[in-house]
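Participant: Encoded as structure tokens, here's the structure I'll be asking about.
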Amino acid sequence: MGITYVEGLVKGVSGKQENVKFLVDSGATYSLLPKAVWESIGLKPKRKLTFTLADGTTVERAVSEAFVVFPQGDAHTPVILGEEGDQALLGVVTLEILGLVLNPFARTLQPMHMLLC
């Protein structure tokens, strides 16, 4: 397995936008925006949730919603409002909303095999 980054655009309700380089993290539930990014596009906290980190510790973070744009599509998605030092992450909820999966061999995003059951 390797590390995969994708470039995307995030927009806030006001229409302000920022280009972001996301680390694709198939182990992360929600996507995360660094503090400078979410403040720049004018996001505001909507609620707080508790998240478990890879080492088992828990952190509480504010969550909001942003509009994300990638070459493969665009959508509204929940986002964690990162704190100082946090890196932009693209989590599985956003990937599923966009109908995408990570191909770990090619290190690319590709369309998800969708089921209608």
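Participant: Check every one of the strands (runs of 3 or more DSSP E) wholly within region 69-117 and list those with 1 or more residues that are among the hydroxyl-bearing types (Ser, Thr, Tyr).
Facilitator: 73-81, 108-111
Participant: Could you please give the count of residues in region 30-42 that are in a loop (DSSP other than H, G, I, E, B) and either at pLDDT below 95 or more than 12 Å from the chain's Cα centre (by Cα) (or both)?
Facilitator: So the count comes out to 2.
Participant: Across region 1-29, which residue is farthest from residue 91 (Cα to Cα) among those that are in contact with a Gly (Cβ under 7 Å, 6 or more places away or on another chain) and part of a strand (DSSP E or B)?
Facilitator: Going through the qualifying residues, I end up with 20.
Participant: Going by the structure shown, is residue 60 touching a residue at least 12 places away in the same chain (Cβ under 8 Å) and in a loop (DSSP other than H, G, I, E, B)?
Facilitator: No: the conditions fail for residue 60.
Participant: If a residue has to be touching a residue at least 40 places away in the same chain (Cβ under 8 Å) and either among the acidic types (Asp, Glu) or surrounded by 13 or more Cβ atoms within 10 Å (Cβ to Cβ) (or both) to count, how many in region 21-57 make the cut?
Facilitator: Summing the residues that are touching a residue at least 40 places away in the same chain (Cβ under 8 Å) and either among the acidic types (Asp, Glu) or surrounded by 13 or more Cβ atoms within 10 Å (Cβ to Cβ) (or both) in region 21-57 gives 15.
Participant: Across region 63-76, what is the number of residues that are closer than 13 Å to residue 95 by Cβ, small (Gly, Ala, Ser) and either free of Cβ contacts under 8 Å to residues at least 24 places away in the same chain or surrounded by 15 or more Cβ atoms within 10 Å (Cβ to Cβ) (or both)?
Facilitator: Summing the residues that are closer than 13 Å to residue 95 by Cβ, small (Gly, Ala, Ser) and either free of Cβ contacts under 8 Å to residues at least 24 places away in the same chain or surrounded by 15 or more Cβ atoms within 10 Å (Cβ to Cβ) (or both) in region 63-76 gives 1.
The values are calculated or read from the model by the stated rules, or taken from the named source; none is laboratory data. The structure displayed is predicted, hence computed values, not measured ones. When we count neighbours, we look across all protein chains shown, and the Cβ atoms used for this are built from the backbone with ideal geometry, even at glycine.
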